[in-house]
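J.: Structure provided below as structure tokens; questions to follow.
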Amino acid sequence: MPICTVIRTKRLELGLTQEQVAERLGVTAPAVNKWEKGTTYPDMALVAPLARLLRTDVNTLLCFQEMTEQEIAQFANEMGELVRRKGFPAAFEAVMEKLREYPACDQLTYSMAMFLEGALLMSGLAGEERAAFQRQIEALYERVSDSEEQQIRDGAAYLLSSRAIQQGDYQKAEALLDRLPERSSLNKRQLKASLLLQRGDPAGAAKLLERTLLNLTQELQITLLGLLSAVQKEGDPDTAEEITAAYRGIIDQLGLWEYGRYVADLEVAVGKQDAAGAISILETMLQALLSPWKMNEAPLFRHIAPKEQPVPFGTEALPGLLAELEHHPKYEFLQREPAFRQLLNRYQAK
């Protein structure tokens with residue numbers, strides 16, 4: 001809470017007017033008004049008397065303002081550039097230094113945890129080095145899992161629950177999931193889009209609804225992949241093929257990134273331990289990964305301006321994907337295949 005808010009809040013709690021505060025401190029009422037607006041600050045000689053008058057302590061009065069959303073976004077962009085120039089470890093240290101500077105800023109902690117998770121995924125790091133960074137990132141999510149901000153609290157609980165499932169800690173995962181609210185039946189974005197239409201801004205409404213569609217599509221893809229995993233474990237190959245076809249259909253019908261078209265096919269091939277089929281799919285997937293998706297050229301997403309990136313997303317993601325293919329136990333049956341090794345070597349050289 002910035003000092004201007006502290007002064008106003010404490011004054012109102014005590015039932016004092018700005019004129020009364022000014023009179024007791026020997027300043028003018030406009031001066032107090034400027035303090036509360038944040039345009040000026042009390043002289044240092046007045047800090048202690050002001051704290052006593054407001055029945056608080058100097059530390060509370062002089063609290064530092066946390067980073068704004070715009071400052072956090074700017075910092076994230078700077079860290080992205082640092083990853084590209086000096087690598088993930090350098091960016092990680094810079095992030096941790098910033099978090100030590102703002103230890104109580106939950107939004108910064110949560111945003112940086114998500115940034116670091118994504119950057120680590122694309123870094124190409126593996127083994128214990130990657131695991132050590134991952135543990136520290138999880139600690140950041142733990143730090144904000146009891147945040148006063150519901151969106152941050154829920155996001156941290158969701159990500160920690162997902163991690164607990166991967167680690168086989170199902171009791172922890174269930175406890176975290178129980179903390180999450182059910183989806184609201186009231187769609188704020190739909191209502192806001194209607195408002196924009198009524199105000200004569202169809203482009204703004206379309207952009208908002210396109211983002212909603214994109215989010216729903218991503219959720220549907222994740223759901224289908226989860227369902228695919230379930231039916232594979234049930235030993236139902238026919239349904240698995242139906243789900244895979246539906247997954248491809250979503251990509252094709254909505255004009256989504258071609259790379260995603262092969263994700264479900266790869267899962268089926270891996271489930272069958274079909275080395276030749278998986279290698280063939282990976283060849284196509286990796287080619288598609290390096291072909292950027294031009295979102296605003298897709299008819300259903302033409303109002304969403306693509307985010308400018310100095311390096312295409314696929315190029316940044318490639319090292320992380322190759323590291324996972326090379327080291328994850330899931331692909332152990334492939335790692336023995338000479339053709340698979342040749343494929344990895346070819347793309348590692350890019």
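Values in this text are rule-based calculations from the coordinates and carry no lab data. Since the structure is predicted, the reported quantities are computational estimates derived from the model, not experimental observations. As a convention, Cβ positions derive from the backbone with ideal geometry for all residues, glycine included, and neighbour counts pool all protein chains shown.
J.: Could you check the simple spin-label distance between E13 and E326, using points 7 Å along Cα→Cβ, in nm with one decimal?
T.: 5.7
J.: May I ask which residue of A94, C4, I152 lies farthest towards the positive end of the charge dipole of the chain, with charges of +1 (Lys, Arg) and -1 (Asp, Glu) on Cβ and the Cα centre as origin?
T.: Toward the positive end, the furthest listed residue is C4.
J.: Over the chain, with a Gaussian network built from C-alpha contacts below 10 Å, which listed residue (A175, A206, A29) shows the highest mean-square fluctuation?
T.: Result: A29 has the largest fluctuation of those listed.
J.: If you don't mind, there's one more thing I want to ask. Over 13 Å, how big is the tail of the calculated P(r) for segment 3-61, in percent of all Cα pairs?
T.: Value for segment 3-61 (Cα pairs over 13 Å): 54 percent.
J.: Below 19 Å Cα-Cα, how many Lys pairs turn up in segment 188-348? Only count pairs eight or more apart in sequence, or on different chains, if you could.
T.: 8
J.: Whole Å is fine, so just give me how far the alpha carbon centre of segment 17-32 lies from that of segment 176-252.
T.: Centre-to-centre (Cα) distance: 56 Å.
J.: Neighbouring Cβ atoms within 10 Å as the yardstick, rank T5, T109 fewest first.
T.: Going from sparsest to densest Cβ surroundings: T5, T109.
J.: For the chain, what relative contact order do you get, as a whole percent, if you take Cα pairs closer than 8 Å and at least 6 residues apart?
T.: Taking the mean separation of contacting Cα pairs over the length of the chain, I get 12 percent.
J.: Oh, and also: Using a Gaussian network for the chain with springs between C-alpha atoms less than 10 Å apart, which of these wobbles most: R135, R248, R84?
T.: In the Gaussian network model the winner is R135.
J.: Per the Cauchy relation, a quarter of the hull surface: what is the mean projected area of the convex hull of the alpha carbons in segment 69-178, in nm²?
T.: Average of the hull's projected areas for segment 69-178 equals 6.9 nm².
J.: Sort 266-277, 331-342 for me by packing, meaning the mean count of neighbouring Cβ atoms within 10 Å per residue, highest on top.
T.: Highest-to-lowest ranking by the protection proxy: 266-277, 331-342.
J.: By how many nm would the segment from D57 to L99 lengthen if fully extended, with 0.36 nm per residue of separation less the alpha-carbon distance?
T.: 12.6 nm
J.: Here is a follow-up. State, to one decimal in nm, how far the label point of D252 lies from the label point of E23, with both points 7 Å from Cα in the Cβ direction.
T.: 8.1
J.: For the chain, what is one quarter of the convex hull surface built on the Cα atoms, given in nm²?
T.: Averaged projected area of the chain's Cα convex hull equals 23.6 nm².
J.: Turning to a different aspect of this structure: Kindly give the semi-axes, whole Å and largest first, of the ellipsoid equivalent to segment 188-348, taking each as the square root of 5 times a Cα gyration tensor eigenvalue.
T.: Those come to 35, 20, 11 Å.
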